[in-house]
Amino acid sequence: MNLKRAFLITTTALLLPGMAMAQVADARFLVSKTFTDGNTASINVVITCNTGVPLSQNADITAASPVGFVVASFDSTVGSCTITEDGEAGYTGSYVANGGTASATSCVIDDTNFVVDGDQTCAITNSPTPVQVSVTKEWNLEGAGGNEVDMDSTFYVTSMGSITGGAPCLDGPFGEGSDYYCSMLTFSGAGTQSVAVTPEVGGTVVNIDEDNQDSAVVVTNDCGGSVTVSPGDAAESCAFTNTVFFEGIPTLNQYGMAILALLMLGVGFVGFRRFA
């Protein structure tokens, strides 16, 4: 009997620490949403847990309306919850769980980062994905007439949306301190080059201008000098065609000049004799 009692006491003593460590209670998961461009779209977020009740929930969220999920009987020592969103076309997501490091895929809250006596948080930030804008340069040399043509050209791309690899237009066409970004493309002959522009909800205008100083070249384009990019756009493009026109100027060699001089003298002599 004493042996059995001793066994029960020992077993209870071993179980008590584990029971004390187990924290089974209701857990609240607060999810917030931010669009860097001010988008007010409603997005569906989903929380999936391996313990507690219910194991899965979903709700719509906007930047102005956070969502709170409650998971009853959540065991923080072994429990894990993952929070994801459906996503908005044209945007890239960034997830930060309980103020930790950012993840590109989800908020994961488990025993490694569980907040005791407080809300579990998941901050989701959506940023517009850059849109490719391609610029194509074409040449029409039919009117060159065998003359040499300088086929180097420079394009200035400006936009209020940031341009990957570009810079603020401190010395650009919009003046120092403007909200525009600038990028320069250089061509040697025909070809296509691209820039990546970060758009904003509602659309962002991208201006494309060619710096052409040759009076023999006429520049036309198929976009009116600008394109508009919006989040979710696949790509935009603009093609510029440079048409060369050389107008021949009549010239006289030394013999022609001599003949012209004789004709002028002859006309002058006849006129002098007639009106003298």
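Just the number, please: Stokes-Einstein D of region 22-128 in µm²/s, Kirkwood Rh from C-alpha pairs, 20 °C, 1.002 mPa s. Translational D for this selection: 155 µm²/s. Taking 7 Å steps out from each Cα toward its Cβ at ASN58 and ALA235 produces label points 3.3 nm apart.
Which of the peptides 104-115, 155-166 is most tightly packed, and how do the rest follow, judged by the mean count of other Cβ atoms within 10 Å per residue? Provide the component values of the computation, followed by the final result.
Values: 104-115: 15.9, 155-166: 19.1.
The packing order, highest mean first, is 155-166, 104-115.
Spin-label model, ALA25/THR164: points 7 Å from Cα along the beta carbon direction are separated by 4.6 nm.
What you get for region 131-245, charging only the Cβ of Lys and Arg (+1) and of Asp and Glu (-1), is a dipole of about 240 debye around the Cα centre. Between the alpha-carbon centres of region 151-169 and region 52-81 there is a gap of 45 Å. Here the spin labels are modelled as points 7 Å beyond Cα on the Cα-Cβ line, and at THR48 and ASP150 they lie 6.2 nm apart.
Any chance you could run the full-extension gain for ASN140 through VAL115? It's 0.36 nm times the residue separation minus the Cα-Cα distance, nm to one decimal.
On the way: separation 25, 0.36 × 25 = 9.00 nm, distance 6.80 nm.
Net length gain for the segment: 2.2 nm.
Quick note: the coordinates plus some simple rules give every number you see, no bench work behind them. Small disclaimer: the values here were computed from a predicted structure and weren't measured. FYI the Cβ positions are ideal-geometry reconstructions off the backbone, even for glycines, and counts take in every protein chain you see.
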